[in-house]
Amino acid sequence: MKKNRTVLAFLVGMLIVFSTAALALRFDWINLPGEERTAEQIISLLDAENVTAIEWSGGEVPAFRLERGTDRKWLCPDHADEELDPEKTERTVAALCQVVSARRISDWEDASVYGLDPPNCQVEIALKDGTEIRYQIGNLNPYTNQYYFRLEGESAIHMVGYSVGEPMNYGISDYIK
C-alpha cells in the first residue's frame, strides 16, 4: 500500500514538471537554445494607404497579386471581373504593414531550419513612391503559433504573429466575394 502511494506521488510530481515545461514553452517563459528574447520590436511599419500592390509567391497556393485601384478598392488583375472581399483584403494588408517581432532568433547560420532557405513564401509589397519591400516567410512554429520571418537582404530571423504568415495559406479564391 505504501509503495503504491510512493509511485502515485512520483507520477503526480512528474506530471506537474512536464506540464510546467510545456506551458513555459507555449507561453515563452523560457528561451530555446539559439533564441534570444527581446522586447517586441517593429520590423516593418508601412502606411497602408501608401501600399499600391502586394504579390504572394511560394507556399501551397498559386502566386497572385492584389493591386489598389484608382477608387482605392483592392482588385486582382488576373480576376479583374471579380469583386474582392474588402474586409479580408484590408485585414491582410494591415497585418503585412505592421510586422512586429515577438522573438529574434540568433546563433543559427542555417536558415533552412526555419523554412527560409529557400523561403516557403515570399511577399512583395509595392509602395506609391516605387519602393518595393520583400518579406520571406518560413515555417509555422507549432508551439508558439508564430511564423519565422526575415526581411529580404537581412540576416536576422524573427518570429512574428500568425496574421503575418496566415495569408500565404490563402489563394485568390479566398479573397473573392
Problem - Exposure of H79 as accessible area (Å², to 10), given a probe of 1.4 Å and all protein chains - result: 70 Å²
Fill in the blank from the handout: Here the gain from full extension of I16 to N145, 0.36 nm per residue of separation minus their alpha-carbon distance, amounts to 44.1 nm
Handout entry: Largest-first ordering by accessible area, 1.4 Å probe, given options E87, E124
Key = E87, E124
Practice task
Check cross-link reach from K73 to the lysines: straight Cα distance under 16 Å, and skip same-chain residues fewer than eight apart.
Solution key: K88, K128, K177
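Report the gain in length on full extension from T131 to E90: 0.36 nm times residue separation, minus Cα-Cα distance, nm rounded to one decimal. Working shown, then result.
Numbers: separation 41, 0.36 × 41 = 14.76 nm, distance 2.01 nm.
Fully extending the segment from T131 to E90 adds 12.7 nm.
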Handout entry: Full-extension gain in nm, L8 to V113, via 0.36 nm per residue minus C-alpha separation
Key = 33.8 nm
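The values are calculated or read from the model by the stated rules, or taken from the named source; none is laboratory data. Please read these numbers as outputs of a predicted model, since none were measured by experiment. For accessibility, only protein heavy atoms count, side chains too; no ligands or nucleic acids. Shrake-Rupley method; radii C 1.70, N 1.55, O 1.52, S 1.80 Å.
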